1. How much length is gained if the chain between Thr116 and Leu8 is pulled fully straight, taking 0.36 nm per residue apart and subtracting their Cα-Cα distance, in nm to one decimal?
2. To the nearest 20 debye, what is the magnitude of the charge dipole of region 462-564 about its Cα centre, counting +1 on the Cβ of each Lys and Arg and -1 on the Cβ of each Asp and Glu?
3. Roughly speaking, what is the stretch gain from Asn512 to Ala377, that is 0.36 nm per residue apart minus the C-alpha to C-alpha distance, in nm to one decimal?
4. At 1.4 Å probe radius, can you tell me the per residue accessible area of region 352-483 in Å²?
5. Eigenvalues of the Cα gyration tensor times 5, then square-rooted: what semi-axes does that give for region 400-446, in whole angstrom, largest first?
6. When all C-alpha to C-alpha distances in region 507-562 are sorted into bins of 10 Å, what percent of pairs does each bin hold, rounded to whole numbers?
7. Where does each of 393-402, 433-442, 265-274 land if you order them by average Cβ count within 10 Å, highest first?
8. Give the Debye-formula value of log10 I(q)/I(0) at each listed q (0.15, 0.18, 0.25 Å⁻¹), with one equal scatterer per alpha carbon of region 387-469, two decimals each.
Amino acid sequence: METNQSYLMVGLQLLGSLGLLIYGMRMMSEALQKMAGPQLRHILAKMTTNRLTGMLTGTLVTCAVQSSSATTVMTVSFVSAGLLTLAQAISVIMGANIGTTLTAWIMSLGYNVDLTNVVYPSFMVGIVLIYMKRHRYVGDFLFGTAFMFLSLVMLSTTGKSMDLEHNEAVIAFFASFDTSSHLTILAFLAIGTLITCIVQSSAAVMAITILLCSTGVLPIYLGIALVMGENIGTTATANLVALGANTQARRAALAHLLFNVFGVVWVLIAFYPFVDMVCRLVGYDAAAGGQTAKLPVVLAMFHTCFNVINTAILIWLVPQMERVVCWLLPEKEKAKEKEEFRLQYIQSNLVQTPEIAVLQAQKETSAFAQRVGEMFAMVRTLFHETDPKDFGELFKQIEHEEDMTDKMEIEIAHYLEQVSDGHLSDDTKQKIRQMMREISELESIGDACYKLARTLERKQESGKAFSSHQDEQLQALMLLCDHALTQMQTVMHGHRSEHDIRETFRIENDINQLRQQLKNENVAAVNNHEYDYAVGSLYVDIINELEKLGDYVVNVVEARFGRQ
């Protein structure tokens, strides 16, 4: 009975340590992404077509956030948002696989060095910084680091308390496997893949592998087979996230899987010579055994060699990989994609961190601005349309676009509300408030375009016609509004530091002056009986709606520049 209780306690300690490890790494990763979120976005968003630069970027970002899954999901999100090409994404993902090897080295350090002296000071400094709200993300990072190191200390202690090296049943179990058989290696590779897919953390499976190898009960060949399985299993996260995304995002996730599968295949072909070479690099004799303290280092070295060599081979074959994933996942028919309303850049299941979510929402808001600009172009065409049939078709198209702008506002707002539920930095909160105002004003521009179309429809139904002077003046006012919308789209697509808000104010001032001039002229013309009151009323309605449209444009630009 006591033996069963002791096994239960050891099992609970083991699971608790793994849970603490996963939580610590996630906390540390999220804190780093919040601290360096905008920089991470700009680094990845400004990637060039240089595959080596992409690979180095993926490596450095993954080393920083300590999560290849986070980097990969970020990259998939960027591909979905159209910020990275598929080729650029593949090179970043390759770098992410190299960057994640740092985690294995940290774990191997935890089994060979007493990290207790680092843990408690990190907790103390971290809690002070958390309460000093200005540096709370640094405090979160230290807390995550402390939890990760504490979990490694607990795993090492639990491993020693299990005394597996003297447990004959466990030794006999692992000794029953023929390490010289490729079938055994394949079986353990499959086990590593399955467990990693289930727990969604290659770090946790790596920790268990290091624990078993460090006690000497798990032969190094089987441990390395588990590590190979972890490399395949870790791709499940990005592929699951990309399921509801667009085709390009799913291709990027598939490329991650193909990268690791290719690496596993060539390592299996040269498995024993390759493992023996890695062991020699560390100074470990796989045939003689013993020296269990070196086994965590052997696993970390294998993980590094595997990913570095795999990247060195495939970095030159990025175009070929791109063609393969495009062949495996062909583009859907455009007609089917347009049957239902769907945002272009936002997929709700791709919300990984607030920083990435904000970037996707900004891209979608820019697309919203472009849409209302195109809608106004339809209104200008409608103004000149004389054929009743063509007029009716164009009016229905504008009516449909107005419905789409309503849906876009609701969908983007709902997405931003989801993002707001997370722990956000002050900068991210401000961006979300700005975008909420932007989409509201953009929807108002869509409403203004529809009201203009309705007024033109009333004019056509009444049989009234504007004078040549009225036509010329309205065209001049519409041209100014078009300039305002073009300037707004320019501001929305670029960084605000690259633009001058005074240009928008100048155009708005011109619109206001022309509006007042036309209204004064209209009063005089009606009084002088140049045209009847009904024509003048339609004329003024269009003038007023165009002036309102100009105001909405200014409101969008002010929100973009962070002005109230």
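The values are calculated or read from the model by the stated rules, or taken from the named source; none is laboratory data. None of these values were measured; they are calculated from a predicted model. A quick note on method: Cβ atoms are made from the backbone with ideal geometry, for glycine too, and the neighbour counts reach across all protein chains shown. Remember, those area values only see protein heavy atoms, side chains included, never the ligands or the DNA or RNA. Shrake-Rupley method; radii C 1.70, N 1.55, O 1.52, S 1.80 Å.
1. Numbers: separation 108, 0.36 × 108 = 38.88 nm, distance 2.52 nm.
So the chain would gain 36.4 nm between Thr116 and Leu8.
2. Working: 9 positive and 16 negative charges, 68 e Å.
In debye, rounded to 20, region 462-564 gives about 320.
3. Details: separation 135, 0.36 × 135 = 48.60 nm, distance 2.05 nm.
Net length gain for the segment: 46.5 nm.
4. On the way: 5880 Å² over 132 residues.
Accessible area per residue: 45 Å².
5. They are 23, 11, 4 Å, listed largest first.
6. Here the calculated profile for region 507-562 is 23, 41, 23, 10, 3.
7. Details: 393-402: 16.1, 433-442: 21.1, 265-274: 13.6.
Result, highest mean Cβ count within 10 Å first: 433-442, 393-402, 265-274.
8. Reported log10 I(q)/I(0), two decimals: -0.67, -0.80, -1.14.
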